[in-house]
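Undergrad: Mind having a look at this structure? Questions to follow.
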C-alpha cells in the first residue's frame, strides 16, 4: 500500500498557546520573545502584517510594537511543551502512525484509514478535532511524499481559499503549486543552496523538479537528489515513528545578569545538572560522560574574556541526579576562576544509552546508590504534580532567577496556583 503523508503544523504555535487562556487576544497582534527577552521568535499573523521581522532584537522593534499595541510575551516553554503534548496525543488518537517532527509539527500516514471520505474531508476532520480538543489551529498538507506534504502545508497556510487543507495527491495539482513556489521554500533546501540554484536559473520548485537527480547530486548532494525525486512523487524519506535515541543532552542558558560570585554560579551549574538529569530520566536513558562549561560574554568590551570546560566519566552510567551532581560540582571547581563576570554556563551529558539495555563493563562499579530509582521517581512525580517542588540542597529553588522574563504568562496547565479563574 502506497503511503499517504499528511503534515500537520500548528499555526503560529507560541502565539496560539498564549491566546488559549486569553481569548481577548484573538485577532490581536502578538509576539513571543527568546530567552532573556532578547529577540522576536514567534509572531501572530497580525504581527507579520505589521512588518515585525523574525529574529530581530526587541530594542529595534520596540517603537513599532508600542505604536501598534502589540502584545509581547516572554517564552513560556512549560506551557508550550504541555500544549504540544496534547496536540500530539490528539493526533495519535486520530491516526495509527505518527512521527513527531518538532514541537508543533507531525507527519501522519493516512494510508488505510477511512476511505468513505475524501482526503480533504479527512484533513478537515483532523483540523477540527485538534481545535476542539486543544484549541490550537492547525493546517494540513497531504501528498504522496513527505517533501510534497511539507509543500502542501505551506500552500494551506499561504492561501486562505484552501481553508487550511491542501491535497497534492494528483500530479496536476502538484505541478500547479510547484510552479508558484519559490525554490527556497522547499523542505531541505537551505538558504545557501537556494542562492546557488537561483544563480543556476532554478527559481521555482517546478524547475528544480525537472532537473536530473543524478546530475544535481554530483553538483550538490545526495539530499538534493532525494528532494527532486520526492518532488516528482517518489517516496525517498520514510516515516520514522520511532526516532533514534539522542546521543547527548545539553542544558545551558545565557544569564539575564552577569554572575561574579562562586556560590551563585555553582548553584546555576547544579540547577542545569538537575534539569538535564530529569530530561535523561524522561527519555529513559543513562549517561556516562558529564561536561561543564562556563564563559564570559565575547561581545561586551567591559569584560575580560574567559571560557573553559571540563569533562569527567561516571564510575557507572546513571540518571540519578545525585551521581551526576557529584561529578558536575567537581568539574566546576576545576574551571572556576574569580574576577570574571560570567554570562553563560551549561552542562552536557554524553555517552548515553537506553536504561533497559545498559551493559556494564568488566571493571565498572557494580553498584548504585540505594533506592536510587525509587527516590528519583518520587522526586519527578512531585515536581510534575504542580502541587509542590523538591530539590537537592545545592540547587537554587527559584527556577527563573537567571533569565529576564518580564512578560511571562502563567503556567496555566501545569501549576495549581496558575489555573485561570472564571469570574
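Undergrad: Starting from 0.36 nm per residue, how many nanometres of slack lie between residue 351 and residue 422 once their C-alpha separation is accounted for? Intermediate results must be reported in sequence, preceding the final value.
TA: Details: separation 71, 0.36 × 71 = 25.56 nm, distance 4.86 nm.
The span from residue 351 to residue 422 would gain 20.7 nm if fully extended.
Undergrad: What's the angle, to the nearest 10 degrees (0 to 90), between helix 119-133's Cα axis and the longest principal axis of the chain?
TA: In the chain, helix 119-133 runs at an angle near 30 degrees to the longest axis.
Undergrad: Normalised by the residues of the chain, what does the relative contact order come to in percent, with Cα pairs under 8 Å and at least six apart?
TA: 16
Undergrad: Okay, next question. Take the chain, connect every pair of alpha-carbon atoms lying under 10 Å apart with a spring to form a Gaussian network, then pick out the residue of 103, 142, 304 with the largest mean-square fluctuation.
TA: So, out of 103, 142, 304, the one fluctuating most is 304.
Undergrad: Moving on to the next point. Spin-label point model (7 Å from Cα, Cβ direction): what's the residue 77 to residue 185 distance in nm?
TA: Once both label points are built, they end up 3.2 nm from each other.
Undergrad: Give the distance, in whole Å, between the Cα centre of the range 121-180 and the Cα centre of the range 267-346.
TA: Computed from Cα coordinates, the inter-centre distance equals 43 Å.
Undergrad: Now a separate question. Given a Förster distance of 45 angstrom, what is the FRET efficiency for residue 54 paired with residue 375, based on the Cβ-Cβ distance and rounded to 0.05? Please list the in-between numbers first.
TA: On the way: r = 44 Å, r/R0 = 0.97.
E between residue 54 and residue 375, to the nearest 0.05, is 0.55.
Undergrad: If we sort 82-88, 335-341, 416-422 on the protection proxy, mean other Cβ atoms within 10 Å, highest first, what's the order? Before the final figure, lay out each step's value.
TA: Values: 82-88: 19.0, 335-341: 13.6, 416-422: 9.3.
So the order, starting with the most tightly packed, is 82-88, 335-341, 416-422.
Undergrad: Report the FRET efficiency, 1/(1 + (r/R0)^6), for residue 176 and residue 68, where r is their Cβ-Cβ distance and R0 is 35 Å, rounded to 0.05.
TA: Values: r = 36 Å, r/R0 = 1.02.
Given R0 = 35 Å and the Cβ-Cβ separation, E is 0.45.
Undergrad: Helix-only estimate, please: 222 nm mean residue ellipticity of the chain, summing -39500 (n - 2.57) across DSSP H runs of length 4 or more and dividing by its residues, to the nearest 500.
TA: On the way: 14 runs with 159 residues, N = 423.
Helices in the chain give a 222 nm mean residue ellipticity of -11500 deg cm²/dmol.
Undergrad: Tell me, 167, 333 in order of fewest to most beta-carbon neighbours within 10 Å?
TA: Working: 167 21, 333 12.
Going from sparsest to densest Cβ surroundings: 333, 167.
Undergrad: Roughly speaking, what is the stretch gain from residue 121 to residue 307, that is 0.36 nm per residue apart minus the C-alpha to C-alpha distance, in nm to one decimal? Numbers along the way, then the final one.
TA: On the way: separation 186, 0.36 × 186 = 66.96 nm, distance 5.61 nm.
That pair, residue 121 and residue 307, stretches by 61.4 nm at full extension.
Undergrad: Hey, what angle do you get for helix 77-94 against the long axis of the chain, alpha-carbon based, 0 to 90 degrees rounded to 10?
TA: Helix 77-94 and the main axis of the chain meet at about 50 degrees.
Undergrad: Here's a follow-up. Please report, in whole Å³, the volume per residue of the convex hull around the C-alpha atoms of the range 249-385. Before the final figure, lay out each step's value.
TA: Numbers: hull volume 15.6 nm³, N = 137.
Expressed per residue, the convex hull around the Cα atoms of the range 249-385 is 114 Å³.
Undergrad: Run through all the Cα pairs of the range 170-243 and give the fraction in each 5 Å bin from 0, expressed as whole percent.
TA: 3, 16, 27, 26, 15, 8, 3, 0
Undergrad: How long are the three semi-axes of the equivalent ellipsoid for the range 49-94, computed from the Cα gyration tensor as the root of 5 times each eigenvalue, in whole Å, largest first? Write out the running numbers ahead of the final one.
TA: Numbers: eigenvalues 203, 28, 17 Å².
So the three semi-axes of the range 49-94 are 32, 12, 9 Å.
Undergrad: Calculate the all-directions average of the projected area of the range 56-145's alpha-carbon convex hull, and give it in nm².
TA: Numbers: hull surface 32.3 nm².
Over every viewing direction, the Cα hull of the range 56-145 projects on average to 8.1 nm².
Undergrad: Sticking with this structure for a sec: Pop a pseudo-label 7 angstrom from the Cα along the beta-carbon direction at both residue 24 and residue 203 and give the gap in nm to one decimal.
TA: About 4.8 nm, to one decimal.
Undergrad: Treating the range 96-207 as a set of equal point scatterers at the Cα positions, no solvent, please give the Debye-formula log₁₀ I(q)/I(0) at q = 0.09, 0.22, 0.24 Å⁻¹.
TA: -0.26, -1.28, -1.43
Undergrad: Something else about it: Using a 10 Å cut-off around each Cβ, can you sort 318, 149, 311 from fewest to most neighbouring Cβ atoms? Walk me through the numbers before you get to the answer.
TA: Details: 318 25, 149 28, 311 14.
Neighbour counts put them in this order, fewest first: 311, 318, 149.
Undergrad: Please give the helix 146-158 orientation as an angle from the longest Cα principal axis of the chain, in degrees from 0 to 90, rounded to the nearest 10.
TA: 80
Undergrad: Just the Kirkwood number for the chain, please: inverse of mean 1/r across all distinct Cα pairs, in Å, one decimal. Each step should come with its number before you reach the end.
TA: Numbers: mean 1/r = 0.0408 Å⁻¹.
Mean inverse Cα-Cα distance, inverted, gives 24.5 Å.
Undergrad: Out of all Cα-Cα pairs in the range 1-169, roughly what percent, to the nearest whole number, are more than 25 Å apart? Walk me through the numbers on the way to the answer.
TA: Values: 4961 of 14196 pairs.
Pairs farther apart than 25 Å: 35 percent.
Undergrad: What is the Rg over Rh value, at two decimals, for the range 190-293, using alpha-carbon atoms and the Kirkwood definition of Rh?
TA: On the way: Rg = 22.6 Å, Rh = 18.4 Å.
We get a ratio of 1.23 for the range 190-293.
Undergrad: Using the Kirkwood formula on the Cα atoms of the range 246-303, what hydrodynamic radius do you get, in angstrom to one decimal? All intermediate terms of the calculation are to be shown ahead of the outcome.
TA: Values: mean 1/r = 0.0757 Å⁻¹.
In the range 246-303 this quantity evaluates to 13.2 Å.
Undergrad: How big is D for the range 87-138, in µm² s⁻¹ as a whole number, if Stokes-Einstein is applied with the Kirkwood radius of its Cα pairs at 10 °C and 1.306 mPa s?
TA: Values: Rh = 11.4 Å.
My calculation gives 139 µm²/s for D.
Bear in mind these aren't lab numbers, they're just calculated from the coordinates by the rules spelled out. Just so it is clear, the structure is predicted and the values come from calculations on it, not from any experiment. Every residue, glycine among them, receives a Cβ derived from its backbone with ideal geometry; neighbour counts consider all protein chains shown.
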